[in-house]
Amino acid sequence: MYGDGHPPLEPEELDRYARQMIFPGFGRDGQEKLKASRVLVAGVGGLGSLSSLYLCAAGIGHLTLVDRGRVQLPDLNRQLLYGEKDVGEVKVVAAGKKLQDLNSKIEITPVLREITEETVSEVVDDVQVVVDGTDNFKTRLILNKVCHSKKIPFVYGGIFGLKGSTATIIPGKTPCLECFLTKDEETRLPIPAIGPVVGVIASIQAMEVLKLILQQGDSLAGDLALFDGGRMSFMKVAIKKKEGCRICSV
Amino acid sequence: MRIHIKANFFVPGLEEKDSVTVGRSRMTLREFLEELSKMSPTPIEYVKPGAEVLDPDDWEVDINGIPYQHCSQGLGTLLKDGDVLTIKILAMGGG
């Protein structure tokens, strides 16, 4: 440890991350912050498998992957962490192996568990940021609640067909997820999922995580960004705090 | 004509205001939403060009508490002074 108490970079890491370290917003200090950081990816399906790839490649020091599922053939159009040989395999195990192959210098903790009201507090612990890789609002709201109570930033992402949306929720600073969800937002199954759209949203989520850790640039904190791949348009609005929100108004 | 607006986001162009006064006494919902788009300093499209309905994946709109699709004229419903328009932007659920 040196400097700000961040772990020093090894010579191989200086070489490995050279292209992002030459960017002024990152630098050696930023890379050390990434190495010292701990991020939880909740769900390693479409969004989670792609955001975790970028976070792993960028040198996030510790990634926790949480999922209860196994790889299925229809996952492979967008869940690029997995291949045909992984079908039937536990997702967090297959994901952990693939990510460790990509970057052996980071720590990866696979957690085979469903995120529920009962398990969430134990699952979401000792991390700086939680990335939403889930596929339903019920789980997202559970994560939203625990992130608020533990004051952990939560980077929401969602897709439907050619569209996607993302927002960064910072407890105590921005409205929470529950503030802008409407009563009718129930997940319709099966959800149409187009790989590149998942990629766009997961990439934004990963970017948000890096910026939160590095405290660089404007983030989507307090905003909801919507991407429409059919019209190739982006739209961003500031979300309102819901009066009397049972999560963030107390 | 004054239309009151409730939304789950800050409607671009309205800042903190919760109502809009337009210089016409009659205006359809479609025309009003198109006006709101024009007021916005950043691109925001409520009604897609030529669309007969709002994209149900993007928006939920009520007129005085009634979903606009249940109003007899849909987007062609005439708004009147004092109407309350509720606009909700929707988040995507898949992952």
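No value in this document is a laboratory result; all are computed from the given coordinates. Note that the structure is a prediction, hence the values are computed from the model and not measured. When we count neighbours, we look across all protein chains shown, and the Cβ atoms used for this are built from the backbone with ideal geometry, even at glycine.
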- Quick one: is A:LEU34 out of contact with any Ser or Thr (no Cβ under 8 Å at 6 or more places or on another chain), assigned to a helix (DSSP H, G or I), of a type in the set (A, V, I, L, M, F, W, C) and exposed (fewer than 14 other Cβ atoms within 10 Å of the Cβ)? no
- Residue pairs qualifying under the 9 Å Cβ cut-off, at least six apart or on distinct chains, with the first in segment A:10-25 being under 22 Å from A:SER219 (Cα atoms) and the second being of a type in the set (D, E, K, R), are A:MET21/A:ARG28; A:GLY25/A:LYS211
- Which condition number does B:ILE66 fail, the rest of (1) aliphatic (A, V, I, L, M); (2) more than 9 Å from chain A (Cβ to nearest Cβ); (3) in contact with a helix residue (DSSP H, G or I) (Cβ under 8 Å, 6 or more places away or on another chain) being met? (3)
- Per the filter on segment A:103-131, residues assigned to a helix (DSSP H, G or I) and in contact with a Leu (Cβ under 7 Å, 6 or more places away or on another chain) are A:VAL120
- Query: Which one of B:LEU29, B:LEU85, B:LEU75 is in contact (Cβ under 8 Å) with a residue 40 or more places away in the chain, more than 14 Å from chain A (Cβ to nearest Cβ), under 18 Å from A:PHE180 (Cα atoms) and of a type in the set (A, V, I, L, M, F, W, C)?
  - Reply: B:LEU85
- Query: Which residues, counting only those in segment B:1-26, are within 11 Å of chain A (Cβ to nearest Cβ) and more than 23 Å from B:ASP58 (Cβ to Cβ)?
  - Reply: B:GLU16
- Just give me the residues in segment A:129-171 being among the basic types (Lys, Arg) and farther than 25 Å from A:ASN77 by Cβ, in sequence order. A:LYS145, A:LYS150, A:LYS151
- Query: For residues in segment A:113-139 being within 18 Å of A:VAL209 (Cβ to Cβ) and not hydrophobic (A, V, I, L, M, F, W, C), which is surrounded by the fewest Cβ atoms within 10 Å (Cβ to Cβ)?
  - Reply: A:ASP126
- Task: Collect the residues in segment B:34-49 that are within 11 Å of another protein chain (Cβ to nearest Cβ) and more than 12 Å from the chain's Cα centre (by Cα), keeping them in residue-number order.
- Result: B:SER40, B:THR42, B:PRO43, B:LYS48, B:PRO49
- Query: Within segment A:220-237, can you find the residues that are surrounded by fewer than 15 Cβ atoms within 10 Å (Cβ to Cβ) and assigned to a strand (DSSP E or B)?
  - Reply: A:SER233, A:PHE234
- Message: Need the failing condition index for A:THR116 against (1) within 23 Å of A:ARG140 (Cα to Cα); (2) under 15 Å from the mean Cα position of the chain (by Cα), just the number.
- Response: (2)
